[in-house]
Every structure is written in structure tokens, then in C-alpha cells.
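Only one structure is covered here, and it is reproduced in the block below.
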Amino acid sequence: MTWKSDRFDQAIRDKKHYQWRFGDRTLDLNWDSMIHLIDTHPPKKTAGNVKKNNFQLQDFHIRPSAPKLLRNMIMQLEEKFYKNHISLIAFGSIGISAQGFDIHRDQMDVIYMQGLGNVDFSIWEAHKEGLPANLEHGGRDGVSSILRKKFKKYDICWIPRGTYHLIKPINTRVGFSFGIEGNIDPCTYI
């Protein structure tokens, strides 16, 4: 996997989302290995919402037992985004009635990659000022969808900081959120 792409770099500079499919399909990820990773993740780094049937494996990037390809992706992202801190969270949902976060925006740039299962993925554009970061309790009338796609294994999207998005589980799934964190916006140096 390489993060070298003129189109990707231009999307970063333009602060636009950019969607593509992971080219190197050698990610050794299956349900047996993922369940083992979930069961052995440090309890203090495990979060979620029982009512929504979801979980988060925080600081996934520092686990020696994380899939090698994900660890390699972190190293490559650290090279590309050398002025930022790179983090990785594994998000998952269990069952067809599971829910993730509602439409929301993050303070960091995010690269979301679908691992196992499927989600309805969408990017939203705000057309009102002063909307909250999470639209779970109001504000949906202030945004409109500009991209909707069923994400399957290896689908990826660059989500610039402040961009509203929604990752809605379709079935039991695991996805990976690479955070490009820090006060420095990559659009200023890529």
C-alpha cells in the first residue's frame, strides 16, 4: 500500500473527501482473528455503547498483535503526515440492529477503511452555521448528503477535519479509523 497519489494529495490540499478502493488486498483479516483481537484488547482501551451494540478498540495502532499490514499503513502515514500524530481505532458493530455514531464531524482528518462486513457510508455538507459536532440530538435539517455508497472490505475514504459523515452498519462489521491528529492541518504542507 502506498499513500503516494497526486489525486489524493490534491484532495488533501483542497480539503475535499476522496474515496478509493484499497489496492493491496493482502490484509490478513478474518472474523476468527478479529474476535481474538477484540477479546484480548486491554479493557481500559475498550469502549462502546451496549444499547447500540457497538464497540471501539482504542489505541489499536500500538498493539503488536494488530495485523501487520495495518501497522505498516501506520508507518507510511507517519511518513506522509510527518507534522501530525497518527492514531488507529477499530470500530465494530454486532448484528443488523447495531448503530454507530450519528452524522458527525471530527476535529482531526480521518482515513476510514472498511475491514469486515458492510456499512452505508455517506459524506454530508453543512448549509447552516453553528451546527453541533454530533447531529444525534438535532441539526439534520442543516446538512445534505453529497456522497452515499455501500462500503465493503477494503473501501477507503479520506475525510477532512470538520466534514460531516455517517457510517451506518448494515450487518456485523469492523472498520478502521486512522486519525491524522494535531493542530497542524495537512493541507498546509502536503
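Selection among HIS165, ASN118, VAL143 by position relative to the dipole of region 114-167 gives ASN118 as farthest towards the positive end (Cβ unit charges, Cα centre).
Excluding same-chain neighbours fewer than eight residues apart, the lysines reachable from LYS16 by a Cα-Cα span under 22 Å are LYS4, LYS80, LYS83, LYS128, LYS149, LYS150, LYS152, LYS168. Rolling a 1.4 Å probe over the protein heavy atoms of region 94-190, with every protein chain left in place, gives an accessible area that is 50 percent carbon and sulfur. The charge dipole of the chain, taken about the Cα centre with unit charges on the Cβ atoms of Lys, Arg (+1) and Asp, Glu (-1), comes to about 320 debye, rounded to the nearest 20.
Close amide-amide hydrogen proximity is noted between TYR18 and TRP158, each under 5 Å apart and 5 or more residues distant or on a separate chain (H modeled in the peptide plane; Pro and chain starts excluded). For the chain, the gyration tensor built on C-alpha atoms gives an oblate shape. Its axis ratio a/c (a ≥ b ≥ c) is at least 1.5, and a/b is not larger than b/c. If you take the charge dipole of region 4-144 about its Cα centre, with +1 on Lys and Arg Cβ and -1 on Asp and Glu Cβ, which of GLY130, GLY100, LEU88 is farthest toward its positive end? Checked the options; the winner is LEU88. Given +1 at the Cβ of Lys and Arg, -1 at the Cβ of Asp and Glu and no other charges, the dipole of region 113-162 around its Cα centre is 280 debye to the nearest 20. The residues of region 17-152 have, on average, 56 Å² of accessible surface per residue, using a 1.4 Å probe with all protein chains present.
Net charge of the neighbourhood of ILE96, taken over other residues with C-beta under 15 Å away and scored Lys/Arg +1, Asp/Glu -1, is +3. Sorting the segments 100-107, 43-50 by their residues' average number of neighbouring beta-carbon atoms within 10 angstrom, most packed first, yields 100-107, 43-50. Using C-alpha pairs below 8 Å separated by at least 6 residues, the relative contact order for the chain is 30 percent.
The values are calculated or read from the model by the stated rules, or taken from the named source; none is laboratory data. These numbers were taken from a predicted model, which means no experiment stands behind them. As a convention, Cβ positions derive from the backbone with ideal geometry for all residues, glycine included, and neighbour counts pool all protein chains shown. With ligands, DNA and RNA removed, areas are computed over all heavy atoms of the protein, side chains included. Shrake-Rupley method; radii C 1.70, N 1.55, O 1.52, S 1.80 Å.
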